[in-house]
Structure formats: C-alpha cells, structure tokens
Amino acid sequence: MAEVKVPELAESITEGTISNWLKKPGETVSKGEAILELETDKVNVDIISDYDGVLKETLVAEGDTVNVGDTIAIIEEGASALVEPAQSEAAPSVSEQSAKPAAPQEKTQPVTAESTVKSSVAGNIIASPAARKLAREKGIDLSQVPTVDPLGRVNKQDVLNAANAPKTAAIAPAATAKPVASVFVPQDNRVEVVKMSRRRQTIAKNLKNVQNTAAILTTFNEVDLSAVMELRKKRKDEFLKQHDVKLGFMSFFTKAVVAALKQIPYLNAEIHDNEIILKKYYNIGVAVSTDSGLVVPVVRDADRKNFAEIEKEIADLAIKARDSKLTLADMQDGTFTITNGGTFGSLLSTPILNAPQVGILGMHSIKYRPVAVDNNTRIEIRPMMYIALSYDHRIVDGKEAVTFLVKVKEMLEDPEKLLLES
C-alpha cells in the first residue's frame, strides 16, 4: 500500500481545499496521472500519483481542508481495477464486517434511516472527516444523526440536516448548548446561502489586510488616446500579419508604466519592516477577472520585451487564467500592477494595492469628450480616458505619484516616445 500525501506547493501555501476527486476508489491509477484537484489560495493544483495501481480509498472528502504533508488517499500498487462497483467510502460498515455471504436467492432487509442509525450505535460510527468536524462544531452526537447511506456512513449533509431540523431525539442534549461555530440558516426560501471559495476568502482577507496596513492614496489624470488609436489603426493589419497577435492597448500602457517606473523607482518597490526594497527589474502584473475571482498573472521583464511579445504574453496569461491553468510561477514576484476596469464600463475607480506592491494603475473606459486643443483656440471631440494611480503614501509622496501619472500621460499621448524608451 502506498500513501498519497499533499506535496509541497509553494513557500507561502501550507494548506488547500479538496476541490474535486478525479479518481474514485476502485479505479485504476497510473503513475503521473492526476487523481484530484486541490484549490489553494492562488491557483488550483492537480495532485499527481507517484504509483501505478488502484485507488484503494480516499481519506478526505471534497470540501475538506488539508495541510501540506497530510495523507489523503491510499493506492494499492500493482493491483487491477475492481470488477464489482467500488466502495467510495473510507471503511466498510459494521454490518458488512459481521455479515456472512448470502445465497443468491436470499432476500436482504431494506436499508432505512432508522436501521442505519441503530447499526451505527451498535458499533463504531462511520463518518466522513467533514461530517465529524461539523458535528463537533455544532455539538451534535453522530450516533443520533439519521443517514440513508446504504453503508451507514454519516456525511456532512446528514449533519447539516440534523442541525437544521427541529429539536428532537435525533439530536443529543449537547446540541442545546451554544455551538462553537454558527451556520447561517435562512428564514426565507428566497435566500440562497453560498459558501465562499477558498480563493474568494483569501482575496477578501488580503484586500482587508492591505487597507489596514498601507496608507493608500489615489491620484487621477486623463489621457488623450487619439495618437495611440491612430497608430493602432494604421499599423494593426501589418502588426497582426507579422506577429500573429493583435495590437491592443495593454502593450502601450505596459511600456508607458515601465518608463514611468524608471523615473519614479519608489513605485517599483515594497516595504519590509523598516526597509524599502527597490527592485531593478520590471515584472508587471495584469489583473484578469475569472469566474472564481480576480487573479494577477505577471509579465516578467516587461522592459526587455517588445510590443508583440507583451501582447502575446498577456493574451496567453488571460487564457490560462480563464481556464484555471495558471501556475504559481505565473503570479509570483510582480513589482507593479495594471488593472483595466474599462473592459466592464468603469469610468473612474480607486484601485486597491496588490500587496506587497506599493503602486497600481487603473485604466477606465474610453469616452469621446470635447477637449480644448491648440492652446485652447479650438474645441475637438477626442477619445479620453481617466487613469488612476493608487499608491502607498508611506514611501511614495504626492509629488512622485503625480509625476508618475504625468509621465504615463505623456508617453501615451506621444507614443513614438515609447520607441525611444524601449
């Protein structure tokens, strides 16, 4: 028998949640094959088998939290898949252990919730880890929890049903005491309770921590994107034909940000205790919205990449993010972040820092507005965008923040300067 353990994931990740068992007990497993999906704070990770054989049993259920090094499954090496339907439970029921083989024509008694409960009381109670944990939290005696599982195993839903049911003999007197943790029970059937995913919980925790620790301030400016749009219109077909990728706005903004960071290096830094860590490389994070929450993959060494390389990398990272294929390496060691709320129609916003970074640039919708041009001698309708810089005022002063935004504005309004800066 071989144990499957939660492997080392990353220095900052010590636990995860079982998202989905890809293999069930009794199924054949090959070395190098994924047997389950583990959801961590940052990405979903496939846990790979190091053995050939059959998945004998799973020791944790979907939704359970596990730590690095925990044993989560048992593989019988060299075995073949079972012919009969595999048991999906961690252990056989008490009744199965004592039962004698029955003749083919012998009829068995139907399994009911009542008989199952009695069977559980008669011997050791069979329950999933999640069920035991919830029962402890709510002060519920597992021997009094009805279950319709044919093998008599109590699962998490059985405990929830018992917790939400009217107080009867099915719940031990201990349940009348104040539970350790509370579960919101809606009193209206028009209310739906949705558990926050591990990633959503982490996002909420990190954002709140940033607000509690950083002195966040936001400054604004507006950019006339006429020159960028004209250049894109003029070169887009040639660019697509030559590089097999569209020329978008993100490469222009990434190049402009790098140029501004070189002028204001304290925005490309982080705070460590009483020290400022100035970074002489430019890994630009690009915020991407996914169904499971916001993620920030990183374009590494953006200062060394041309427009086509930046566009290709951003496109590839966006696809990986939406397909939940990002790796931890894709999101580590960013030095500054760009977020584009304009894709959803945002006109103005105050972005929150992506810790431990001390600066984030917010892009917004392009709106055509009347603008005074030629020394205010005439009015033209121009494509305008508000841009916002949120920064940590502990190490970045207002002067540096405003100068940074002005530099970005200048680069975008005269994009030929970006070629000189590259």
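The values are calculated or read from the model by the stated rules, or taken from the named source; none is laboratory data. Just so it is clear, the model here is predicted, and its values are computed rather than measured. Backbone-built Cβ (ideal geometry, glycine too); neighbour counts: all protein chains shown. These accessible areas exclude ligands, DNA and RNA; they are computed on the full protein's heavy atoms, side chains included. Shrake-Rupley method; radii C 1.70, N 1.55, O 1.52, S 1.80 Å.
Residues that are open to solvent by 70 Å² or more (accessible area, probe 1.4 Å) and over 16 Å from Gln357 (Cβ atoms) within the range 287-304 comprise Asp291, Arg304, listed in sequence order.
In this structure, does Leu353 turn out to be in a loop (DSSP other than H, G, I, E, B), in contact with a helix residue (DSSP H, G or I) (Cβ under 9 Å, 6 or more places away or on another chain) and either in contact (Cβ under 8 Å) with a residue 60 or more places away in the chain or closer than 22 Å to Pro265 by Cα (or both)? Criteria met by Leu353. Residues that are surrounded by fewer than 16 Cβ atoms within 10 Å (Cβ to Cβ) and modelled with pLDDT of 90 or more within the range 313-336 comprise Ala315, Asp316, Ile319, Asp333, listed in sequence order.
Within this structure, Ser324 fails the test of being over 22 Å from Ala259 (Cβ atoms), among the hydroxyl-bearing types (Ser, Thr, Tyr), in contact (Cβ under 8 Å) with a residue 40 or more places away in the chain and touching a helix residue (DSSP H, G or I) at 6+ places or on another chain (Cβ under 9 Å). Taken together, the criteria exclude Leu231 from residues that are modelled with pLDDT of 95 or more and within 25 Å of Lys407 (Cβ to Cβ). Here Gly362, Gly342 are screened, and the one residue that is within 22 Å of Thr403 (Cα to Cα), touching a strand residue (DSSP E or B) at 6+ places or on another chain (Cβ under 8 Å) and of a type outside the set (Phe, Trp, Tyr) is Gly362. Given the criteria closer than 27 Å to Ala135 by Cα and among the β-branched types (Val, Ile, Thr), does Val60 qualify? In short, yes. Each residue in the range 363-379 was checked for being open to solvent by less than 10 Å² (accessible area, probe 1.4 Å) and either without any contact (Cβ under 8 Å) to a residue 40 or more places away in the chain or more than 32 Å from the chain's Cα centre (by Cα) (or both), and 1 pass. Does the range 3-10 include one or more residues that are modelled with pLDDT of 80 or more, outside any loop (DSSP other than H, G, I, E, B), buried (at least 18 other Cβ atoms within 10 Å of the Cβ) and under 25 Å from the mean Cα position of the chain (by Cα)? Yes, some residue in the range 3-10 is modelled with pLDDT of 80 or more, outside any loop (DSSP other than H, G, I, E, B), buried (at least 18 other Cβ atoms within 10 Å of the Cβ) and under 25 Å from the mean Cα position of the chain (by Cα).
Among the residues of the range 265-286, those identified as surrounded by fewer than 21 Cβ atoms within 10 Å (Cβ to Cβ) and either of a type in the set (A, V, I, L, M) or touching a Leu at 6+ places or on another chain (Cβ under 8 Å) (or both) are Pro265, Tyr266, Ile271, Ile276, Ile277, Leu278. If the condition is being open to solvent by 70 Å² or more (accessible area, probe 1.4 Å) and either assigned to a loop (DSSP other than H, G, I, E, B) or at pLDDT below 95 (or both), then the range 380-409 contributes His393, Arg394, Asp397. Can you pull out the residues in the range 194-237 that are more than 27 Å from Thr290 (Cα to Cα), open to solvent by less than 100 Å² (accessible area, probe 1.4 Å), assigned to a helix (DSSP H, G or I) and of a type in the set (D, E, K, R)? Arg232, the sole residue that qualifies.
Within the range 246-264, the set of residues being closer than 12 Å to Ile310 by Cα and open to solvent by 20 Å² or more (accessible area, probe 1.4 Å) comprises Lys246, Phe249, Met250. The residue that is farthest from Lys280 (Cα to Cα), counting only those in the range 318-330 that are assigned to a helix (DSSP H, G or I) and in contact with a strand residue (DSSP E or B) (Cβ under 6 Å, 6 or more places away or on another chain), is Arg322. Taken together, the criteria exclude Leu418 from residues that are at pLDDT 95 or above, in a helix (DSSP H, G or I) and surrounded by 16 or more Cβ atoms within 10 Å (Cβ to Cβ).
So that you can scan it fast, the table gives a plain yes or no per residue for (1) basic (Lys, Arg); (2) assigned to a strand (DSSP E or B):
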{"site": "Asn20", "(1), (2)": "no, yes"}
{"site": "Lys24", "(1), (2)": "yes, no"}
{"site": "Lys31", "(1), (2)": "yes, no"}
{"site": "Val45", "(1), (2)": "no, yes"}
{"site": "Tyr51", "(1), (2)": "no, no"}
{"site": "Leu55", "(1), (2)": "no, yes"}
{"site": "Val60", "(1), (2)": "no, no"}
